[in-house]
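Report on the structure given below.
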Amino acid sequence: GNGGNISVRSHTALISRNQSRISAESGGTGNGGNISIKTPFLLALENSDIVADASRGQGGNVTITAQSILGTQFREQTTSQSDITASSEFGLSGVVNI
């Protein structure tokens, strides 16, 4: 099935640590879900990921609205660092808007 949609809103800060993960992934033919984050400050440390990936379907879309983002960045695939991804192994990748 499709990955679910996630919406996170914080009025102060969103801090992710210790391999935390915000994930709207799909494993089969479904599409990755969409992730929307609105916060003044986003900090991701210690391999904490924001992931809207799919296997055979389309990757989901990630939209982040923040005044400051530290410790993470968009990458084509997850790494041992803190990542933002919206990829698909066999389908179309999603879009990341920061």
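PRE reach from residue 90 (point 7 Å along Cα→Cβ): which of the range 21-35 fall under 19 Å by backbone N? What the label zone holds, given the 19 Å backbone N cut-off, is 25-33.
In the chain, taking the dipole from charged Cβ atoms about the Cα centre, the farthest positive-side position among 2, 16, 51 is held by 16.
Ignoring ligands, DNA and RNA, how do 41, 74 rank by accessible area with a 1.4 Å probe, largest first? Provide the component values of the computation, followed by the final result.
On the way: 41 65, 74 90 Å².
These residues rank, largest area first, as 74, 41.
For the range 1-44, the square roots a ≥ b ≥ c of the C-alpha gyration tensor eigenvalues yield an a/c of 1.5 or more together with a/b not exceeding b/c, which makes the shape oblate. For the chain, just say rounded, prolate or oblate: build the C-alpha gyration tensor, square-root its eigenvalues into a ≥ b ≥ c, call rounded for a/c under 1.5, and beyond that prolate if a/b exceeds b/c, oblate if not. It is prolate, given that a/c is not under 1.5 and a/b is the larger ratio. Classify the range 50-96: rounded, prolate or oblate, from the alpha-carbon gyration tensor (a ≥ b ≥ c, eigenvalue square roots; a/c under 1.5 rounded; otherwise prolate if a/b is larger than b/c)? Taking the square roots of the gyration eigenvalues as a ≥ b ≥ c, the range 50-96 is oblate.
Gain in length, residue 80 to residue 56, computed as 0.36 nm per residue apart minus the alpha-carbon separation, to one decimal in nm?
Working: separation 24, 0.36 × 24 = 8.64 nm, distance 2.34 nm.
6.3 nm is the gain from fully extending residue 80 to residue 56.
Averaging Cα coordinates gives a centre for the range 62-81 and one for the range 10-54; these two points are 9 Å apart.
The values are calculated or read from the model by the stated rules, or taken from the named source; none is laboratory data. Model, not experiment: these values are computed from the prediction. A quick note on method: Cβ atoms are made from the backbone with ideal geometry, for glycine too, and the neighbour counts reach across all protein chains shown. Accessible surface is based on the protein model in full, side chains and every heavy atom, while ligands, DNA and RNA are left aside. Shrake-Rupley method; radii C 1.70, N 1.55, O 1.52, S 1.80 Å.
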